[in-house]
Structure formats: structure tokens, C-alpha cells
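All remarks here apply to the structure that follows.
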Amino acid sequence: AVTAIRAGRLVDVVAGKVLADQVILVSGERILSVGPAAGAVVPAGARIVDLSGATVLPGLVDAHVHLTGDPTLHGYQSLGVSDIRAAMYGAHAAQVTLAAGFTTVRNVGAGGFGDVALRDAIDAGELPGPRMRVAGYALGIKGGHCDNNLLPNDFHYAEQGVADGPWQARAKVREMAKYGADTIKICASGGVLSKGDEAGAQQYTLEEMQAIVEEAHKLGRRVAAHAHGASSIRDAILAGVDSVEHASLIDDEGIRLARQKGTYLVMDIYNDDYILQEGAKVGMLPESLEKERKVGQVQRDNFRKAWQAGVKMAFGTDAGVYPHGDNARQFRYMVQYGMTPMQAIRAATIDGADLLGWKDRIGSVSAGKFADLIAVRGDPLADPAELTRVRFVMKGGTVVKDADAR
Ligand code: ARG
């Protein structure tokens with residue numbers, strides 16, 4: 001069965017322009033053809049989806065989420081959540097994220113391989129949700145951002161992703177791959193929401209990261225490095241990671257290296273709003289709020305600097321720290337801090353697909369790719385906030401949301 005979608009306007013993210021009056025033919029999960037409505041041959045009996053009053057875009061890609069993360073349970077409250085309970089929450093978050101127009105996400109860290117389970121359940125058609133790239137446990141040093149430092153020694157508690165030294169770290173990469181991770185996430189520096197560390201201070205050494213990257217790439221997995229501080233960003237890029245997450249305190253050398261090596265930056269520049277406005281209410285530690293005040297605005301300014309210097313950027317939000325489904329709120333900031341709306345949309349479509357290694361299957365409305373597309377009523381190129389009001393979502397040829405976009 002063929003579906004013919006009438007698009008009043010279609011955002012062509014490859015050419016970087018908007019096409020008027022297009023017809024997209026979909027067969028099964030895939031796009032058959034895209035072309036002007038005038039002269040389009042629609043097979044007899046095709047189902048018609050009329051989006052002639054709307055703007056159609058490729059399904060959005062968020063390269064940094066934690067679907068199993070409940071944004072209302074931070075700090076000590078998070079200790080009461082089992083990995084299985086978190087995975088149940090993740091099933092809810094996956095649905096909300098998809099309905100917001102994000103048809104693909106990269107989940108960069110979850111307990112108990114809840115993200116692997118979610119990906120597989122979604123792929124099996126048991127749950128509605130986005131396509132997923134998943135990391136399993138985030139790897140990090142003992143006592144670092146990817147460990148959990150809330151409890152005293154009496155409890156002998158450490159996160160499963162803790163791995164110190166090049167060989168432990170290599171073994172941990174192998175373990176993640178064994179249990180289904182298709183991406184490796186590491187903590188190169190401290191963080192905002194962890195206890196007892198500095199966001200800017202380096203954690204994994206260059207030697208450890210070189211071992212991780214070599215092992216991951218050998219196994220066909222890309223590496224995403226959480227890094228706020230300048231030296232951690234520099235060493236992560238030198239080690240060959242595929243993306244640097246947050247990148248808050250990146251310096252000129254980091255910008256130069258990222259450009260030279262083609263490393264993506266994934267900068268979550270909406271996050272600061274939620275942390276400062278809601279953090280105290282949802283259990284974030286006072287030290288975390290203090291750390292956020294040091295990195296939040298600097299990160300936004302450095303976003304502009306890095307973008308203007310020509311560094312590759314993919315859209316990523318850290319949803320899970322803040323409410324799932326609000327992912328698109330970040331577009332406004334990306335435009336405020338230097339991107340055109342088209343560039344921000346590209347970061348969340350074709351460029352995100354490139355970072356995830358999925359440019360052949362998603363990221364643009366093109367023949368042969370999965371029929372993942374969304375529609376909004378207004379003009380997202382005039383007002384990127386329009387993307388927070390997604391009316392229509394199709395994933396793999398199936399309409400999963402239709403709230404009247406006409
Ligand atoms: N997960 C990150 C961390 O704890 C969140 C950083 C949020 N702050 C920001 N300005 N983007 O380090």
C-alpha cells in the first residue's frame with residue numbers, strides 16, 4: 001500500500017531550502033519518491049495524507065538524551081529508583097519524545113541496560129518510541145561524574161560503568177558491546193549533577209581515552225565524551241572521540257582541534273534554564289546549582305564561538321535532566337546563539353543522522369530513507385519555536401500522531 005503525502009512546504013535539509021507543494025510517496029517503511037505536486041503520479045488507491053497547509057520536515061534527531069531519567073527525581077531522590085523502574089519510566093519517556101517529533105535519539109547512558117531493552121522493544125513494535133542508538137552504562141573513573149558518589153563508604157556502592165586504567169576501560173567497552181550497546185559513552189570530565197567533583201576538571205586521562213576509542217572503533221562503535229573542561233575536551237578530541245558532549249568551557253585550541261579532526265560538538269544549551277529554575281525543587285544538590293551558575297552562560301557563549309569558527313554541531317539536549325518532550329525548546333537558543341533556523345534544523349536532522357552513523361537511513365526526506373517525518377502549522381524558519389508544536393508525526397511509514405496540522 002502506498003501513502004501520498006501532500007506537503008504545502010517541505011524543508012529540504014540537504015539543499016538548505018524550502019520547497020513548495022510537494023508530494024512524498026511512501027511505501028511500507030520507506031520513502032519511494034519526493035517531487036513537485038504538479039505532475040506527481042499518485043498510484044490509484046493510494047492513501048492520501050493532506051498536509052498542504054503545513055510545513056513538513058524530516059523527523060528530528062536528539063543526539064543526547066537519557067530516556068530512563070526522570071527529571072523530577074534528582075539527587076538523593078534518585079537513589080530510590082531501581083533500574084527496572086527506570087526502564088518502565090523510559091517506556092513512557094520514549095512515547096512522549098516520539099510525539100514531540102523526535103523520531104530518533106541517541107541515549108547516552110542508562111542503568112541495567114534499560115536503554116538496550118527499550119531500543120529492542122521499540123524495534124520489535126511492542127512500544128511506541130523513537131529509533132535509538134544506545135550506550136548501556138556510561139564509562140568513567142571511580143568517584144567521577146559517571147560514578148555515583150551520593151552514598152558513604154558503608155554502602156560500597158559504585159556505578160557499573162566505573163573502569164579505571166586503560167585495560168579496565170577496554171574491558172568495559174567490550175562488556176558494553178557484548179550486552180548490546182551500539183555507542184560508547186564516557187566521562188572525560190566532572191559534571192554539574194554529580195557530587196564532589198568539578199565540572200571543569202579532567203577525569204579520564206588521554207591514555208585511558210585512547211584505549212577506549214581504539215577498542216570501540218575496532219568493535220564498530222562510536223564514542224561520545226561528556227566533557228565540560230578545556231583540557232578534557234582537548235584530550236578527548238586527540239584520543240579520537242566522535243563527539244564531545246556539553247563542551248561548556250571549550251577554548252581556542254579545542255575549537256581548532258574539533259575543526260581539524262571533524263569532531264562533533266553536542267551542546268545542551270537549553271538545560272541551564274531548567275536546572276536553575278527547577279533544580280532545587282527536584283532534588284538537585286546545592287553544589288550542582290552552584291556549578292551550573294559557573295558553566296551555563298559560558299557554554300552558550302562558547303556555542304556561538306565554536307559555531308562561528310566552523311565546528312560541526314549536532315542537536316542534543318540532555319532530556320531526562322529536564323522533561324522529555326521539551327527537547328525542541330533548545331532550537332530557540334541555538335538561533336539566539338548564532339545559528340540560522342535552517343542550520344539549527346540541519347543540526348537536528350541530517351547532521352544528527354551523520355553523527356549517529358545513520359545518514360543512509362534517516363535525517364532527510366529522501367527516496368530510500370525511512371519515512372520519518374513531522375509537520376508543523378507555522379513556519380519554523382521564521383520562528384524555530386514552532387518546532388515545540390509538532391502536530392503530525394510519521395515514523396517508518398506509520399502515522400503516530402495526527403493533531404490536525406492542516
Ligand atoms: N548532565 C550534565 C552534567 O551534569 C548537565 C549539564 C547541564 N548544564 C549545562 N549548562 N548544559 O554535567
Practice task
Scan segment 333-361 for residues that are crowded, with 24+ Cβ neighbours inside 10 Å and either more than 18 Å from Val18 (Cα to Cα) or β-branched (Val, Ile, Thr) (or both) and report the count.
Solution key: 7
Completion exercise
Those residues of segment 250-286 that are in a helix (DSSP H, G or I) and among the aliphatic types (A, V, I, L, M) come to a total of 5
Completion exercise
Note on Ser189: of the conditions (1) within 26 Å of Gln299 (Cβ to Cβ); (2) polar (S, T, N, Q); (3) away from the ligand (no atom under 16 Å from the Cβ), unmet is (3)
Completion exercise
Within segment 298-339, residues being over 27 Å from Lys281 (Cα atoms), touching a Leu at 6+ places or on another chain (Cβ under 8 Å) and more than 16 Å from the ligand (Cβ to nearest atom) number 2
Handout entry: Residue that is farthest from Pro36 (Cα to Cα), among those in segment 392-406 that are of a type outside the set (Asp, Glu) and out of contact with any strand residue (DSSP E or B) (no Cβ under 6 Å at 6 or more places or on another chain)
Key = Ala403
Handout entry: Selection status of Tyr270, aromatic (Phe, Trp, Tyr) and in contact with a Phe, Trp or Tyr (Cβ under 7 Å, 6 or more places away or on another chain)
Key = yes
Practice task
Any chance you could count how many residues in segment 299-332 are open to solvent by 60 Å² or more (accessible area, probe 1.4 Å) and either aromatic (Phe, Trp, Tyr) or out of contact with any strand residue (DSSP E or B) (no Cβ under 7 Å at 6 or more places or on another chain) (or both)?
Solution key: 6
Handout entry: Any hit, segment 38-59, residues being modelled with pLDDT of 95 or more, under 30 Å from Gly112 (Cβ atoms) and crowded, with 22+ Cβ neighbours inside 10 Å
Key = yes
Practice task
Identify the single condition in (1) under 30 Å from Val26 (Cα atoms); (2) in a helix (DSSP H, G or I) that Arg304 does not satisfy, given that it satisfies every other one.
Solution key: (1)
Practice task
May I ask you to say which residue of Gly114, Gly129, Gly136 is part of a loop (DSSP other than H, G, I, E, B), over 25 Å from Thr388 (Cα atoms) and either open to solvent by less than 10 Å² (accessible area, probe 1.4 Å) or free of Cβ contacts under 8 Å to residues at least 12 places away in the same chain (or both)?
Solution key: Gly136
Problem - Which listed residue, of Thr317, Thr349, is touching a residue at least 60 places away in the same chain (Cβ under 8 Å), under 16 Å from the mean Cα position of the chain (by Cα) and within 27 Å of Glu253 (Cα to Cα) - result: Thr317
Exercise for the section: Scan segment 191-211 and report the pairs whose first residue is within 14 Å of Leu289 (Cβ to Cβ) and whose second residue is within 13 Å of the ligand (Cβ to nearest atom) and assigned to a strand (DSSP E or B), with Cβ atoms within less than 7 Å and a gap of 6+ or a chain change. Expected result: Gly191/His226; Ala199/Ser189
Practice task
Consider Glu215 carefully, then state whether it is in contact (Cβ under 8 Å) with a residue 24 or more places away in the chain and more than 16 Å from His64 (Cβ to Cβ).
Solution key: yes
Problem - Lone qualifier among Ile269, Ile255 - being over 30 Å from Pro71 (Cα atoms) and in the same structural domain as Val192 (by TED's automatic domain parsing) - result: Ile255
Fill in the blank from the handout: Over segment 1-37, the set of residues closer than 21 Å to Met342 by Cβ and open to solvent by 50 Å² or more (accessible area, probe 1.4 Å) is Arg9, Val14, Ala15, Lys17, Val18, Ala20, Asp21, Val34, Pro36
Handout entry: Within segment 279-297, tally of residues that are among the basic types (Lys, Arg), within 19 Å of Gly69 (Cβ to Cβ) and either more than 9 Å from the ligand (Cβ to nearest atom) or open to solvent by 30 Å² or more (accessible area, probe 1.4 Å) (or both)
Key = 1
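The values are calculated or read from the model by the stated rules, or taken from the named source; none is laboratory data. All values derive from a computational prediction rather than experimental measurement. Cβ sites come from the backbone with ideal geometry, for glycine too, and all protein chains shown count toward neighbours. Heads up: the accessible areas ignore ligands, DNA and RNA and are worked out on the full protein's heavy atoms, side chains in. Shrake-Rupley method; radii C 1.70, N 1.55, O 1.52, S 1.80 Å.
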